[in-house]
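Participant: Sharing a structure below in structure tokens format, with a few things to ask.
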């Protein structure tokens, strides 16, 4: 038993080091031709007013997420304080920079400690919340790709990026048709082979995730105010969009770009953030930069903008998360004394 546990720990450590190393290498590759002096000089081209406003929008997005999480916790018979929930969300983002997905466990542990809510029940609400995020982000991504073919065409035809391709053409439609056909063929093969595949561990994990995903949708629809849950979700991603847009227009070389560009950067950058790399380092920079280049931004300006988009958010998360971690025992000091006296 000990040997099995040791092997599992070693595998987790190796996996952590692999993804962290891959992220660092990708980051270095993205900035391989960038002079640090140019980045420092580029910072002077940002309007500090828009950057400051962005920090308030970030806080608002975290508040919306805390309110939404409380809605999912209430059906399990608990009603945590908004302040504790909000602080737990702030610490969650800080923890995610240490290990991927560590934040989800950390925020549940915080409410278990200070609100006396069962950890397993809280973890179930996190699964539901993440399912809602995946659905909404997927819908936004589909909307962006359908609304602006130039972005999709830029990935298929890199040499024609920068607003040169404006309309769907026959080759482009053929690519989409072939891709859709391949996806349907793969789905059909998986369906016909489902009995044999069901014995594979990876298939069992996918099946389990799918079951949790469906259960999450049912849970949302059974909420007392499902419309409020949806509205808060829209509010969260609206804040994410504004965060990106404000930084884009704060940078002089990109201040004239349309809001659609910011939305595209948000969507593709989110793809980089959900990959199993600590804090999305490297992966976020790659996806966000390539999206900016597709929309005609020079690679040098794109590198500076991406650096600030990621760096400003990271700095804010680390500082605010550390403050929240320090505030938690202070704001809960009275409740701990009361609990001790009652015992």
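Participant: Report, by residue number, each residue of the stretch 131-148 that is out of contact with any helix residue (DSSP H, G or I) (no Cβ under 7 Å at 6 or more places or on another chain) and free of Cβ contacts under 8 Å to residues at least 40 places away in the same chain.
Facilitator: 138, 139, 142, 143, 146, listed by residue number.
Participant: Here's another thing I want to ask about it. Consider the stretch 113-132. How many of its residues are surrounded by fewer than 18 Cβ atoms within 10 Å (Cβ to Cβ) and within 30 Å of residue 261 (Cβ to Cβ)?
Facilitator: Result for the stretch 113-132: 1.
Participant: Does residue 307 fit the bill of being free of Cβ contacts under 8 Å to residues at least 60 places away in the same chain, surrounded by fewer than 21 Cβ atoms within 10 Å (Cβ to Cβ), assigned to a helix (DSSP H, G or I) and touching a helix residue (DSSP H, G or I) at 6+ places or on another chain (Cβ under 8 Å)? Working first, answer last.
Facilitator: Numbers: free of Cβ contacts under 8 Å to residues at least 60 places away in the same chain: no; surrounded by fewer than 21 Cβ atoms within 10 Å (Cβ to Cβ): yes; assigned to a helix (DSSP H, G or I): yes; touching a helix residue (DSSP H, G or I) at 6+ places or on another chain (Cβ under 8 Å): yes.
Taking the combined requirement at face value, the residue does not satisfy it.
To keep it simple, each residue is scored yes or no on (1) surrounded by 10 or more Cβ atoms within 10 Å (Cβ to Cβ); (2) out of contact with any helix residue (DSSP H, G or I) (no Cβ under 8 Å at 6 or more places or on another chain); (3) within 26 Å of residue 275 (Cβ to Cβ); (4) at pLDDT below 85.
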residue	(1), (2), (3), (4)
10	yes, yes, yes, yes
15	yes, yes, yes, yes
40	yes, yes, no, yes
50	yes, no, no, no
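Participant: What tally of residues in the stretch 96-107 results from selecting those that are surrounded by 17 or more Cβ atoms within 10 Å (Cβ to Cβ) and either free of Cβ contacts under 8 Å to residues at least 12 places away in the same chain or farther than 19 Å from residue 12 by Cβ (or both)?
Facilitator: Total satisfying the criteria: 1.
Participant: With the requirement that a residue be more than 14 Å from the chain's Cα centre (by Cα), outside any helix (DSSP H, G or I) and closer than 24 Å to residue 275 by Cα, what does the stretch 63-98 give you?
Facilitator: 98
Participant: So, in the stretch 238-262, how many residues would count as being closer than 20 Å to residue 64 by Cβ, free of Cβ contacts under 8 Å to residues at least 40 places away in the same chain and surrounded by 20 or more Cβ atoms within 10 Å (Cβ to Cβ)?
Facilitator: 2
Participant: Before we move on, is residue 53 closer than 15 Å to residue 248 by Cβ and outside any loop (DSSP other than H, G, I, E, B)? If you could, list the steps in order and put the result at the bottom.
Facilitator: Values: closer than 15 Å to residue 248 by Cβ: yes; outside any loop (DSSP other than H, G, I, E, B): yes.
So residue 53 passes the test.
Participant: I'd like the full set of residues that are assigned to a helix (DSSP H, G or I) and at pLDDT 85 or above, limited to the stretch 109-122.
Facilitator: From the stretch 109-122, those assigned to a helix (DSSP H, G or I) are 109-115, 119-122; that's our starting set.
Hits for the stretch 109-122 are 109, 110, 111, 112, 113, 114, 115, 119, 122.
The values are calculated or read from the model by the stated rules, or taken from the named source; none is laboratory data. Since we're looking at a predicted model, the values are computed, not measured. Ideal geometry is used to build each Cβ from the backbone, glycine not excepted, and the neighbour counts take in all protein chains shown.
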